[in-house]
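Asks: Dropping the structure in here first, questions after.
The values are calculated or read from the model by the stated rules, or taken from the named source; none is laboratory data. Remember, it's a predicted structure, so these values are computed and weren't measured experimentally. Cβ coordinates were reconstructed from backbone atoms using ideal geometry, including for glycine residues, and neighbour counts include every protein chain displayed. Keep in mind that these areas ignore ligands, DNA and RNA; they rest on the heavy atoms of the full protein, side chains included. Shrake-Rupley method; radii C 1.70, N 1.55, O 1.52, S 1.80 Å.
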Amino acid sequence: MKNNKKKYALVIILILFIAFFSSQCMMTRTNTESKKTVAVILPYTYNKENSRILDAIRDYAHNNSIILDVWHEKSLSSNELSSIIANEEQNHAIGILLIYPENYLTQQEKHYDYNNVLAITATMQTAFSHYAAFENSPSPSYLLPVSAQVIKKIQDGKTDCIYIKNTYKLGYESIQMLDTYSRNKYMKDISIPCHKVDKAAIESGELDALLTN
């Protein structure tokens, strides 16, 4: 009788152990599948424009549980880019974001036909299936933040207006588009208008609102 009770207890313990182990495996698999990765390739050389774009990408990624795999490249051939994209796809990346590839791609005349790649570019719009860029604007145009000297010239009437390129918005909408693509396989080009700033815009606080983006 005692032996039967011991056997019964051992069976119960074994069943509980198997159930616990199975639930842990399922939880691990679910957590792994829920993680999203975006590969970001950008020029090796740091500048203000790339930095602000990357800030926006990181903010969106943080708020939407996306992991960033960042590549800094000095020079990248077509084959090397294909290899990176293939590697990221094997790692289940939801998309690849290229930041100003004209600064590191060695074959700029080639057409890069990738559905899950979005290129932030100023000169290579026709080289990619999908791109993000600023609309053409009259001169002068500036990146945020704008210096106090430039603002003073507008306030004093020495300059009628300037056009601002909001690089933060460009980066944010780009990674947002890749996230959208991961859910419904729909991607379109992004065209960001430049914001006109004149004396009236400064006095109304429009420039302050841009600086908070």
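Asks: Taking the stated definitions as given, is Y168 modelled with pLDDT of 90 or more, hydroxyl-bearing (S, T, Y) and in contact with a helix residue (DSSP H, G or I) (Cβ under 7 Å, 6 or more places away or on another chain)?
Replies: Taking the combined requirement at face value, the residue satisfies it.
Asks: Name every residue in the stretch 186-204 that is farther than 20 Å from V150 by Cα and touching a residue at least 12 places away in the same chain (Cβ under 8 Å), in order of residue number.
Replies: M187, K188, D189, I190, S191, I192, P193
Asks: Further question on the same structure: Filter the stretch 164-213 for residues that are of a type in the set (S, T, Y) and touching a Lys or Arg at 6+ places or on another chain (Cβ under 6 Å) and give the result.
Replies: Of everything in the stretch 164-213, those that are of a type in the set (S, T, Y) and touching a Lys or Arg at 6+ places or on another chain (Cβ under 6 Å) turn out to be T167, Y168.
Asks: Okay, moving on. Considering only residues that are open to solvent by less than 10 Å² (accessible area, probe 1.4 Å), part of a loop (DSSP other than H, G, I, E, B) and not aromatic (F, W, Y), look in the stretch 97-124 and name the one that is farthest from I190 (Cα to Cα).
Replies: Of everything passing the filter in the stretch 97-124, M124 is farthest from I190 (Cα to Cα).
Asks: I would also like to ask the following. What is the number of the single condition among (1) surrounded by fewer than 17 Cβ atoms within 10 Å (Cβ to Cβ); (2) of a type outside the set (A, V, I, L, M, F, W, C); (3) touching a Cys at 6+ places or on another chain (Cβ under 9 Å); (4) without any contact (Cβ under 8 Å) to a residue 40 or more places away in the chain that T180 does not meet?
Replies: In the conditions (1) surrounded by fewer than 17 Cβ atoms within 10 Å (Cβ to Cβ); (2) of a type outside the set (A, V, I, L, M, F, W, C); (3) touching a Cys at 6+ places or on another chain (Cβ under 9 Å); (4) without any contact (Cβ under 8 Å) to a residue 40 or more places away in the chain, T180 misses (3) alone.
Asks: Which pairs have Cβ atoms under 8 Å, sit 6 or more apart or on different chains, and link a residue in the stretch 134-159 that is at pLDDT 85 or above to one that is part of a helix (DSSP H, G or I) and of a type in the set (A, V, I, L, M, F, W, C)?
Replies: Short answer, once both residue conditions are applied: F134/L170; Y142/V150; I151/I202; I151/L207; I154/I202; Q155/I202; T159/V150.
Asks: Regarding S174, is this residue within 24 Å of V40 (Cβ to Cβ) and either open to solvent by 60 Å² or more (accessible area, probe 1.4 Å) or in contact with a strand residue (DSSP E or B) (Cβ under 6 Å, 6 or more places away or on another chain) (or both)?
Replies: yes
Asks: Name every residue in the stretch 68-90 that is over 19 Å from K35 (Cα atoms) and among the β-branched types (V, I, T), in order of residue number.
Replies: Of everything in the stretch 68-90, just one residue is over 19 Å from K35 (Cα atoms) and among the β-branched types (V, I, T), namely I84.
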